[in-house]
Amino acid sequence: MAKVIIIGAGGVGTVVAHKCAQNPEVFTEIVLASRTRSKCEAIARKIGGGRIKTDSVDADSVEQLVELFNRHRPDIVINVALPYQDLTIMDACLECGVNYLDTANYEPRDEAHFEYSWQWAYKEKFEKAGLTAILGCGFDPGVSGVFTAYAAKHHFSEMEYLDIVDCNAGDHGKAFATNFNPEINIREITQNGRYYQDGEWVTTGPLEIHKPLTYPNIGPRESYLLYHEELESLVKNYPSIKRARFWMTFGQEYLTHLRVIQNIGMARIDEIDYNGMKIVPLQFLKAVLPNPQDLGENYQGETSIGCRIEGLDKDKNHLTYYIYNNCSHEAAYRETGMQAVSYTTGVPAMIGAMMFLTGKWVKPGVHNVEEFDPDPFMEQLNIQGLPWHEVKNIDLEV
Ligand code: NDP
(Lines give C-alpha, C1' and ligand atoms only; values in the text may rest on other atoms or scores of the structure.)
Protein backbone atom coordinates (compact mmCIF):
# COMPACT_ATOMS: atom_id res chain seq x y z
CA MET A 1 0.00 0.00 0.00
CA ALA A 2 1.67 3.20 -1.12
CA LYS A 3 0.26 6.62 -1.79
CA VAL A 4 1.89 9.18 -4.05
CA ILE A 5 1.09 12.85 -4.66
CA ILE A 6 2.16 14.28 -7.99
CA ILE A 7 2.42 18.10 -7.96
CA GLY A 8 2.22 19.77 -11.40
CA ALA A 9 -0.20 18.91 -14.21
CA GLY A 10 1.94 19.98 -17.17
CA GLY A 11 3.52 17.79 -19.85
CA VAL A 12 5.73 15.94 -17.39
CA GLY A 13 2.97 15.60 -14.75
CA THR A 14 0.70 14.03 -17.38
CA VAL A 15 3.30 11.35 -18.16
CA VAL A 16 4.04 10.67 -14.46
CA ALA A 17 0.30 10.21 -13.79
CA HIS A 18 -0.03 7.77 -16.72
CA LYS A 19 2.99 5.73 -15.70
CA CYS A 20 2.04 5.56 -11.99
CA ALA A 21 -1.44 4.40 -13.05
CA GLN A 22 0.17 1.66 -15.18
CA ASN A 23 1.92 0.26 -12.09
CA PRO A 24 -0.90 -0.34 -9.58
CA GLU A 25 1.06 -2.95 -7.63
CA VAL A 26 3.39 -0.14 -6.48
CA PHE A 27 1.22 2.98 -6.61
CA THR A 28 -1.98 1.90 -4.91
CA GLU A 29 -3.27 5.47 -4.50
CA ILE A 30 -2.41 8.41 -6.75
CA VAL A 31 -3.30 12.07 -6.17
CA LEU A 32 -2.57 14.67 -8.87
CA ALA A 33 -2.55 18.26 -7.56
CA SER A 34 -1.69 21.48 -9.34
CA ARG A 35 -2.51 25.17 -9.34
CA THR A 36 -5.31 24.62 -11.84
CA ARG A 37 -7.46 21.68 -10.72
CA SER A 38 -9.35 21.43 -14.02
CA LYS A 39 -6.08 20.37 -15.73
CA CYS A 40 -5.68 17.55 -13.17
CA GLU A 41 -9.29 16.48 -13.74
CA ALA A 42 -8.80 16.35 -17.52
CA ILE A 43 -5.72 14.11 -17.10
CA ALA A 44 -7.55 11.87 -14.59
CA ARG A 45 -10.51 11.52 -16.99
CA LYS A 46 -8.20 10.57 -19.85
CA ILE A 47 -6.44 7.89 -17.75
CA GLY A 48 -9.82 6.65 -16.50
CA GLY A 49 -10.58 3.74 -14.23
CA GLY A 50 -10.91 6.03 -11.21
CA ARG A 51 -7.17 5.59 -10.66
CA ILE A 52 -6.31 9.27 -10.12
CA LYS A 53 -7.75 11.57 -7.45
CA THR A 54 -7.28 15.29 -7.98
CA ASP A 55 -6.74 18.32 -5.77
CA SER A 56 -5.50 21.89 -6.07
CA VAL A 57 -2.59 23.63 -4.39
CA ASP A 58 -0.48 26.73 -4.77
CA ALA A 59 2.91 25.13 -4.24
CA ASP A 60 4.49 28.51 -3.51
CA SER A 61 2.68 28.34 -0.16
CA VAL A 62 4.06 25.98 2.49
CA GLU A 63 0.79 26.39 4.40
CA GLN A 64 -1.31 25.13 1.47
CA LEU A 65 1.11 22.26 0.86
CA VAL A 66 0.93 21.21 4.51
CA GLU A 67 -2.88 21.19 4.29
CA LEU A 68 -2.68 19.10 1.08
CA PHE A 69 -0.28 16.59 2.66
CA ASN A 70 -2.38 16.35 5.83
CA ARG A 71 -5.50 15.75 3.74
CA HIS A 72 -3.96 12.86 1.79
CA ARG A 73 -1.06 11.60 3.94
CA PRO A 74 1.18 10.46 1.03
CA ASP A 75 4.35 8.37 1.36
CA ILE A 76 6.17 10.38 -1.30
CA VAL A 77 5.63 13.52 -3.37
CA ILE A 78 6.76 13.68 -7.00
CA ASN A 79 7.43 17.36 -7.66
CA VAL A 80 6.95 18.12 -11.36
CA ALA A 81 5.75 21.70 -10.92
CA LEU A 82 8.43 24.33 -11.64
CA PRO A 83 11.90 24.59 -10.08
CA TYR A 84 10.73 27.69 -8.15
CA GLN A 85 8.62 25.46 -5.89
CA ASP A 86 11.33 22.96 -4.83
CA LEU A 87 12.11 24.53 -1.47
CA THR A 88 8.52 25.18 -0.36
CA ILE A 89 7.65 21.57 -1.18
CA MET A 90 10.72 20.30 0.71
CA ASP A 91 9.75 22.45 3.72
CA ALA A 92 6.23 21.00 3.71
CA CYS A 93 7.66 17.46 3.40
CA LEU A 94 9.71 18.03 6.56
CA GLU A 95 6.72 19.39 8.40
CA CYS A 96 4.46 16.45 7.45
CA GLY A 97 6.95 13.55 7.26
CA VAL A 98 6.70 13.00 3.48
CA ASN A 99 9.53 11.76 1.23
CA TYR A 100 10.48 13.86 -1.79
CA LEU A 101 11.52 13.54 -5.45
CA ASP A 102 11.99 16.16 -8.17
CA THR A 103 13.38 16.52 -11.70
CA ALA A 104 15.00 19.98 -11.65
CA ASN A 105 17.09 21.88 -9.12
CA TYR A 106 15.73 24.90 -7.25
CA GLU A 107 15.98 28.22 -9.07
CA PRO A 108 15.18 31.61 -7.62
CA ARG A 109 12.64 33.41 -9.83
CA ASP A 110 14.65 36.58 -10.25
CA GLU A 111 17.96 34.95 -11.19
CA ALA A 112 18.66 32.25 -13.79
CA HIS A 113 21.10 30.39 -11.62
CA PHE A 114 21.52 26.64 -11.44
CA GLU A 115 23.13 25.03 -8.43
CA TYR A 116 22.30 22.41 -5.84
CA SER A 117 23.52 24.33 -2.77
CA TRP A 118 20.01 25.44 -1.73
CA GLN A 119 18.69 21.88 -1.74
CA TRP A 120 21.86 20.21 -0.43
CA ALA A 121 21.50 22.53 2.58
CA TYR A 122 18.44 20.41 3.59
CA LYS A 123 20.55 17.24 3.95
CA GLU A 124 20.76 17.19 7.74
CA LYS A 125 17.11 18.08 8.24
CA PHE A 126 16.00 15.18 6.01
CA GLU A 127 18.48 12.83 7.71
CA LYS A 128 17.20 13.76 11.17
CA ALA A 129 13.59 13.32 10.04
CA GLY A 130 14.42 9.90 8.57
CA LEU A 131 13.15 11.09 5.17
CA THR A 132 14.60 10.48 1.71
CA ALA A 133 14.85 13.28 -0.85
CA ILE A 134 15.83 12.24 -4.40
CA LEU A 135 17.00 15.17 -6.51
CA GLY A 136 16.98 15.50 -10.29
CA CYS A 137 15.22 12.29 -11.32
CA GLY A 138 14.12 13.12 -14.88
CA PHE A 139 16.25 12.19 -17.91
CA ASP A 140 18.93 14.85 -17.73
CA PRO A 141 19.34 15.33 -14.83
CA GLY A 142 18.24 11.86 -13.86
CA VAL A 143 18.96 8.98 -16.21
CA SER A 144 22.22 10.77 -17.18
CA GLY A 145 23.37 10.30 -13.54
CA VAL A 146 22.10 6.72 -13.35
CA PHE A 147 23.90 5.87 -16.63
CA THR A 148 27.11 7.33 -15.14
CA ALA A 149 26.66 5.34 -11.91
CA TYR A 150 26.04 2.17 -13.96
CA ALA A 151 29.20 2.79 -16.01
CA ALA A 152 31.21 3.30 -12.81
CA LYS A 153 29.79 0.18 -11.18
CA HIS A 154 30.13 -2.23 -14.11
CA HIS A 155 32.72 -0.93 -16.57
CA PHE A 156 35.22 1.59 -15.20
CA SER A 157 37.81 1.64 -12.46
CA GLU A 158 38.40 5.32 -13.24
CA MET A 159 36.17 7.60 -15.32
CA GLU A 160 38.24 10.49 -16.70
CA TYR A 161 36.12 12.22 -19.34
CA LEU A 162 32.33 12.49 -19.25
CA ASP A 163 30.21 14.05 -22.01
CA ILE A 164 26.43 14.01 -21.69
CA VAL A 165 24.90 14.33 -25.15
CA ASP A 166 21.26 15.31 -25.68
CA CYS A 167 19.74 15.32 -29.17
CA ASN A 168 16.17 16.08 -30.09
CA ALA A 169 15.86 15.20 -33.76
CA GLY A 170 12.09 15.58 -33.71
CA ASP A 171 10.00 17.98 -35.78
CA HIS A 172 6.78 19.48 -34.37
CA GLY A 173 6.03 21.52 -37.45
CA LYS A 174 5.94 24.89 -35.61
CA ALA A 175 8.24 27.79 -36.49
CA PHE A 176 9.28 28.12 -32.85
CA ALA A 177 8.25 26.24 -29.71
CA THR A 178 10.00 24.90 -26.64
CA ASN A 179 9.67 21.26 -25.60
CA PHE A 180 9.08 21.98 -21.94
CA ASN A 181 8.09 25.03 -19.94
CA PRO A 182 9.29 27.92 -22.19
CA GLU A 183 10.30 30.15 -19.30
CA ILE A 184 12.51 27.48 -17.71
CA ASN A 185 13.84 26.33 -21.09
CA ILE A 186 14.84 29.78 -22.39
CA ARG A 187 16.44 30.70 -19.04
CA GLU A 188 18.55 27.54 -19.29
CA ILE A 189 19.73 28.03 -22.86
CA THR A 190 20.51 31.74 -22.80
CA GLN A 191 22.82 31.60 -19.79
CA ASN A 192 26.62 31.26 -20.13
CA GLY A 193 28.00 27.82 -20.94
CA ARG A 194 30.15 26.13 -18.31
CA TYR A 195 32.13 22.93 -18.07
CA TYR A 196 34.46 21.26 -15.61
CA GLN A 197 38.13 20.75 -16.31
CA ASP A 198 40.96 19.73 -13.96
CA GLY A 199 39.18 20.78 -10.79
CA GLU A 200 37.86 24.10 -12.12
CA TRP A 201 34.78 25.44 -13.86
CA VAL A 202 35.42 27.08 -17.22
CA THR A 203 32.84 29.65 -18.39
CA THR A 204 32.02 30.20 -22.07
CA GLY A 205 29.65 32.57 -23.83
CA PRO A 206 26.08 31.27 -24.38
CA LEU A 207 26.22 28.48 -27.04
CA GLU A 208 29.77 29.60 -27.97
CA ILE A 209 31.29 26.10 -28.30
CA HIS A 210 29.68 23.71 -30.76
CA LYS A 211 30.51 20.77 -33.04
CA PRO A 212 28.67 18.08 -34.96
CA LEU A 213 28.17 14.82 -33.06
CA THR A 214 26.68 11.65 -34.53
CA TYR A 215 23.60 10.23 -32.80
CA PRO A 216 22.44 6.61 -33.25
CA ASN A 217 19.68 6.17 -35.82
CA ILE A 218 19.74 9.95 -36.41
CA GLY A 219 23.12 10.95 -37.84
CA PRO A 220 25.26 14.06 -37.28
CA ARG A 221 23.68 17.06 -35.54
CA GLU A 222 25.30 20.33 -34.48
CA SER A 223 25.66 20.09 -30.68
CA TYR A 224 26.18 23.05 -28.34
CA LEU A 225 27.98 23.11 -25.01
CA LEU A 226 25.64 24.22 -22.18
CA TYR A 227 25.87 24.23 -18.42
CA HIS A 228 23.63 21.55 -16.96
CA GLU A 229 22.98 20.95 -13.29
CA GLU A 230 23.96 17.26 -13.06
CA LEU A 231 27.59 18.17 -13.87
CA GLU A 232 27.85 19.71 -10.37
CA SER A 233 26.89 16.54 -8.49
CA LEU A 234 28.62 14.09 -10.86
CA VAL A 235 32.08 15.68 -10.54
CA LYS A 236 31.61 15.75 -6.77
CA ASN A 237 30.53 12.10 -6.57
CA TYR A 238 33.15 10.86 -9.09
CA PRO A 239 36.36 12.75 -8.24
CA SER A 240 38.39 10.85 -10.88
CA ILE A 241 36.56 12.84 -13.59
CA LYS A 242 38.98 15.31 -15.19
CA ARG A 243 36.56 16.87 -17.62
CA ALA A 244 32.75 16.92 -17.66
CA ARG A 245 30.61 18.61 -20.29
CA PHE A 246 27.02 18.71 -21.50
CA TRP A 247 25.95 19.05 -25.15
CA MET A 248 22.53 19.71 -26.64
CA THR A 249 21.46 19.93 -30.29
CA PHE A 250 19.56 22.90 -31.73
CA GLY A 251 18.39 23.60 -35.28
CA GLN A 252 19.38 26.83 -37.06
CA GLU A 253 15.75 27.99 -37.17
CA TYR A 254 15.39 27.60 -33.40
CA LEU A 255 18.64 29.49 -32.76
CA THR A 256 17.64 32.36 -35.05
CA HIS A 257 14.32 32.78 -33.19
CA LEU A 258 16.16 32.60 -29.87
CA ARG A 259 18.62 35.30 -30.96
CA VAL A 260 15.78 37.61 -31.99
CA ILE A 261 13.90 36.94 -28.73
CA GLN A 262 17.01 37.94 -26.79
CA ASN A 263 17.89 40.94 -28.95
CA ILE A 264 14.44 42.47 -28.61
CA GLY A 265 14.40 41.98 -24.84
CA MET A 266 11.73 39.27 -24.66
CA ALA A 267 14.03 36.91 -22.73
CA ARG A 268 14.30 39.42 -19.84
CA ILE A 269 13.31 38.06 -16.43
CA ASP A 270 13.10 41.40 -14.62
CA GLU A 271 9.77 43.22 -14.22
CA ILE A 272 8.92 46.04 -16.60
CA ASP A 273 6.10 48.55 -16.44
CA TYR A 274 3.49 48.09 -19.20
CA ASN A 275 0.49 50.44 -19.12
CA GLY A 276 0.75 50.68 -15.35
CA MET A 277 1.03 46.91 -15.01
CA LYS A 278 4.15 45.00 -13.95
CA ILE A 279 5.02 42.22 -16.36
CA VAL A 280 8.05 39.96 -16.86
CA PRO A 281 8.76 39.80 -20.63
CA LEU A 282 9.74 36.11 -20.60
CA GLN A 283 6.52 35.20 -18.75
CA PHE A 284 4.51 37.18 -21.30
CA LEU A 285 6.32 35.37 -24.11
CA LYS A 286 5.38 32.02 -22.51
CA ALA A 287 1.72 33.05 -22.72
CA VAL A 288 1.87 33.53 -26.50
CA LEU A 289 4.14 30.60 -27.45
CA PRO A 290 2.68 27.16 -28.25
CA ASN A 291 1.95 25.14 -25.13
CA PRO A 292 4.54 22.30 -24.98
CA GLN A 293 1.72 19.96 -23.95
CA ASP A 294 0.02 20.51 -27.32
CA LEU A 295 3.04 19.66 -29.48
CA GLY A 296 2.68 15.88 -29.30
CA GLU A 297 0.06 15.26 -31.95
CA ASN A 298 2.17 16.06 -35.02
CA TYR A 299 5.59 15.47 -33.52
CA GLN A 300 7.75 13.15 -35.63
CA GLY A 301 11.23 11.77 -35.09
CA GLU A 302 13.07 10.86 -31.95
CA THR A 303 15.29 11.99 -29.10
CA SER A 304 18.63 10.42 -28.27
CA ILE A 305 20.23 11.13 -24.90
CA GLY A 306 23.24 9.43 -23.42
CA CYS A 307 26.68 9.53 -21.81
CA ARG A 308 30.00 9.21 -23.62
CA ILE A 309 32.69 8.23 -21.15
CA GLU A 310 36.42 7.62 -21.46
CA GLY A 311 38.73 6.22 -18.81
CA LEU A 312 40.23 3.00 -17.48
CA ASP A 313 38.23 -0.22 -17.35
CA LYS A 314 38.20 -2.62 -14.41
CA ASP A 315 41.54 -4.11 -15.64
CA LYS A 316 43.04 -0.59 -15.99
CA ASN A 317 42.94 -0.70 -19.80
CA HIS A 318 41.81 2.32 -21.84
CA LEU A 319 38.03 2.24 -22.50
CA THR A 320 35.58 4.39 -24.46
CA TYR A 321 31.92 3.77 -23.70
CA TYR A 322 28.61 5.16 -24.93
CA ILE A 323 25.29 4.42 -23.25
CA TYR A 324 22.07 5.94 -24.59
CA ASN A 325 18.33 5.76 -25.05
CA ASN A 326 16.42 6.76 -28.19
CA CYS A 327 12.78 7.69 -27.69
CA SER A 328 10.19 8.16 -30.45
CA HIS A 329 7.88 11.19 -30.23
CA GLU A 330 5.10 9.27 -31.98
CA ALA A 331 5.29 6.27 -29.63
CA ALA A 332 5.37 8.56 -26.55
CA TYR A 333 2.29 10.37 -27.87
CA ARG A 334 0.38 7.15 -28.59
CA GLU A 335 0.97 5.97 -25.03
CA THR A 336 0.47 9.16 -23.00
CA GLY A 337 -0.68 11.97 -25.32
CA MET A 338 2.65 13.78 -24.71
CA GLN A 339 5.84 14.15 -26.80
CA ALA A 340 9.16 12.44 -26.04
CA VAL A 341 10.70 15.29 -24.01
CA SER A 342 7.89 15.07 -21.42
CA TYR A 343 7.94 11.26 -21.68
CA THR A 344 11.68 10.90 -21.09
CA THR A 345 11.33 13.11 -18.00
CA GLY A 346 8.14 11.61 -16.56
CA VAL A 347 9.05 7.92 -16.87
CA PRO A 348 12.27 8.22 -14.78
CA ALA A 349 10.42 10.32 -12.16
CA MET A 350 7.90 7.49 -11.77
CA ILE A 351 10.72 4.90 -11.62
CA GLY A 352 12.54 6.93 -8.93
CA ALA A 353 9.39 6.94 -6.79
CA MET A 354 8.98 3.21 -7.47
CA MET A 355 12.59 2.63 -6.31
CA PHE A 356 11.80 4.41 -3.06
CA LEU A 357 8.46 2.71 -2.46
CA THR A 358 9.88 -0.76 -3.12
CA GLY A 359 12.68 -0.14 -0.61
CA LYS A 360 15.54 -0.05 -3.16
CA TRP A 361 16.36 3.64 -2.89
CA VAL A 362 15.69 4.45 0.74
CA LYS A 363 18.41 6.61 2.28
CA PRO A 364 17.48 9.41 4.71
CA GLY A 365 19.00 12.72 3.61
CA VAL A 366 19.12 14.62 0.33
CA HIS A 367 20.69 12.70 -2.55
CA ASN A 368 21.36 12.92 -6.26
CA VAL A 369 20.39 9.83 -8.26
CA GLU A 370 23.95 8.55 -8.79
CA GLU A 371 24.24 7.98 -5.02
CA PHE A 372 21.83 5.02 -5.26
CA ASP A 373 22.26 1.52 -6.78
CA PRO A 374 21.71 2.00 -10.54
CA ASP A 375 20.85 -1.67 -11.31
CA PRO A 376 17.16 -1.89 -10.31
CA PHE A 377 16.50 1.50 -11.95
CA MET A 378 18.21 0.40 -15.20
CA GLU A 379 16.10 -2.76 -15.21
CA GLN A 380 12.92 -0.69 -14.94
CA LEU A 381 13.99 1.67 -17.74
CA ASN A 382 13.84 -1.34 -20.08
CA ILE A 383 10.44 -2.39 -18.75
CA GLN A 384 8.79 1.04 -18.56
CA GLY A 385 9.43 2.33 -22.08
CA LEU A 386 12.98 3.73 -22.13
CA PRO A 387 15.26 0.87 -23.27
CA TRP A 388 18.97 1.62 -23.29
CA HIS A 389 21.94 0.44 -25.35
CA GLU A 390 25.69 0.40 -24.76
CA VAL A 391 28.64 0.45 -27.17
CA LYS A 392 32.30 0.02 -26.25
CA ASN A 393 35.61 1.04 -27.82
CA ILE A 394 34.23 3.46 -30.40
CA ASP A 395 35.22 6.97 -31.47
CA LEU A 396 33.32 9.19 -29.01
CA GLU A 397 33.87 12.25 -31.25
CA VAL A 398 34.06 14.58 -28.24
P1 NDP B 1 4.69 22.77 -17.52
O2 NDP B 1 4.84 24.24 -17.55
O3 NDP B 1 4.04 22.06 -18.67
O4 NDP B 1 3.90 22.31 -16.21
C5 NDP B 1 4.17 22.83 -14.94
C6 NDP B 1 2.96 22.53 -14.07
O7 NDP B 1 3.24 23.03 -12.75
C8 NDP B 1 1.68 23.23 -14.54
O9 NDP B 1 0.61 22.33 -14.43
C10 NDP B 1 1.54 24.39 -13.57
O11 NDP B 1 0.23 24.75 -13.25
C12 NDP B 1 2.13 23.79 -12.31
N13 NDP B 1 2.54 24.86 -11.41
C14 NDP B 1 3.31 25.95 -11.69
N15 NDP B 1 3.42 26.73 -10.60
C16 NDP B 1 2.70 26.12 -9.63
C17 NDP B 1 2.40 26.44 -8.29
N18 NDP B 1 2.87 27.55 -7.73
N19 NDP B 1 1.63 25.59 -7.59
C20 NDP B 1 1.13 24.46 -8.14
N21 NDP B 1 1.37 24.10 -9.42
C22 NDP B 1 2.14 24.94 -10.15
O23 NDP B 1 6.16 22.18 -17.27
P24 NDP B 1 6.72 20.75 -17.68
O25 NDP B 1 5.73 19.71 -17.34
O26 NDP B 1 7.27 20.84 -19.05
O27 NDP B 1 7.98 20.63 -16.68
C28 NDP B 1 7.78 20.26 -15.32
C29 NDP B 1 9.13 20.19 -14.62
O30 NDP B 1 9.97 19.22 -15.25
C31 NDP B 1 9.93 21.51 -14.64
O32 NDP B 1 10.47 21.71 -13.36
C33 NDP B 1 11.04 21.24 -15.62
O34 NDP B 1 12.19 21.99 -15.33
C35 NDP B 1 11.28 19.77 -15.40
N36 NDP B 1 11.95 19.10 -16.53
C37 NDP B 1 13.00 18.26 -16.25
C38 NDP B 1 13.66 17.59 -17.27
C39 NDP B 1 14.70 16.58 -16.95
O40 NDP B 1 15.07 15.80 -17.84
N41 NDP B 1 15.22 16.49 -15.75
C42 NDP B 1 13.29 17.81 -18.69
C43 NDP B 1 12.11 18.62 -18.86
C44 NDP B 1 11.49 19.27 -17.82
P45 NDP B 1 -0.67 25.71 -14.21
O46 NDP B 1 -1.03 24.81 -15.32
O47 NDP B 1 -1.80 26.14 -13.38
O48 NDP B 1 0.26 26.84 -14.63
Residue set 398, 366; condition open to solvent by 40 Å² or more (accessible area, probe 1.4 Å) and either away from the ligand (no atom under 16 Å from the Cβ) or not charged (D, E, K, R) (or both); output residue 398
Would you please name the residue that is nearest to residue 81 (Cα to Cα), looking only at residues in the range 369-381 that are out of contact with any Phe, Trp or Tyr (no Cβ under 7 Å at 6 or more places or on another chain) and either within 15 Å of the ligand (Cβ to nearest atom) or without any contact (Cβ under 8 Å) to a residue 12 or more places away in the chain (or both)? 369
Just one of (1) farther than 26 Å from residue 105 by Cα; (2) surrounded by 22 or more Cβ atoms within 10 Å (Cβ to Cβ); (3) aromatic (Phe, Trp, Tyr) trips up residue 343, so point out which. (1)
Residues of the range 20-42 that turn out to be in a helix (DSSP H, G or I) and near the ligand (Cβ under 6 Å from one of its atoms), as a count: 1
Can you name every residue in the range 18-46 that is open to solvent by 70 Å² or more (accessible area, probe 1.4 Å) and closer than 13 Å to residue 346 by Cβ? 22
Quick one: which helices (runs of 4 or more DSSP H) sit completely within the range 153-270 and have at least 1 residues that are within 16 Å of the ligand (Cβ to nearest atom) and buried (at least 21 other Cβ atoms within 10 Å of the Cβ)? 182-190, 230-237
Residues located in the range 1-19, provided they are in a helix (DSSP H, G or I) and either more than 8 Å from the ligand (Cβ to nearest atom) or more than 16 Å from the chain's Cα centre (by Cα) (or both): 15, 16, 17, 18, 19
Residue match in the range 96-108 (condition: open to solvent by 10 Å² or more (accessible area, probe 1.4 Å), in contact with a strand residue (DSSP E or B) (Cβ under 6 Å, 6 or more places away or on another chain), closer than 16 Å to residue 77 by Cα and part of a strand (DSSP E or B)): yes
Options 300, 283, 293; residue that is more than 21 Å from residue 9 (Cα to Cα), open to solvent by 30 Å² or more (accessible area, probe 1.4 Å) and in contact with a helix residue (DSSP H, G or I) (Cβ under 8 Å, 6 or more places away or on another chain): 300
Any chance residue 136 is surrounded by fewer than 18 Cβ atoms within 10 Å (Cβ to Cβ) and more than 21 Å from residue 319 (Cα to Cα): no
Is there any pair with a first residue in the range 115-138 that is farther than 22 Å from residue 80 by Cβ and a second that is open to solvent by 10 Å² or more (accessible area, probe 1.4 Å) and more than 16 Å from the ligand (Cβ to nearest atom) whose Cβ atoms are under 6 Å apart and which are 6 or more apart or on different chains, and what are they? 125/94; 127/364; 129/94; 130/364
Residue satisfying all of: in the range 109-147; within 18 Å of residue 163 (Cα to Cα) and outside any loop (DSSP other than H, G, I, E, B); nearest to the ligand (Cβ to nearest atom) among these: 138
For the range 386-395 the number of residues that are in a loop (DSSP other than H, G, I, E, B), open to solvent by 10 Å² or more (accessible area, probe 1.4 Å) and of a type outside the set (Val, Ile, Thr) is 4
Search result, residues across the range 75-95 that are open to solvent by 10 Å² or more (accessible area, probe 1.4 Å) and away from the ligand (no atom under 15 Å from the Cβ): 75, 94, 95
Find the residue count for the range 46-95, including only residues that are in a helix (DSSP H, G or I) and of a type in the set (D, E, K, R). 7
Examine the range 47-59 for a residue that is within 9 Å of the ligand (Cβ to nearest atom), surrounded by fewer than 18 Cβ atoms within 10 Å (Cβ to Cβ) and modelled with pLDDT of 95 or more, and state whether such a residue exists. yes
Can you spot a residue in the range 352-363 that is within 13 Å of the ligand (Cβ to nearest atom), on the phi < 0 side of the Ramachandran plot and open to solvent by less than 10 Å² (accessible area, probe 1.4 Å)? yes
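The values are calculated or read from the model by the stated rules, or taken from the named source; none is laboratory data. Just so you know, these numbers come straight off a predicted model, no measurement behind them. Glycine also receives a Cβ, built like all others from the backbone with ideal geometry; neighbour counts cover every protein chain displayed. Remember, those area values only see protein heavy atoms, side chains included, never the ligands or the DNA or RNA. Shrake-Rupley method; radii C 1.70, N 1.55, O 1.52, S 1.80 Å.
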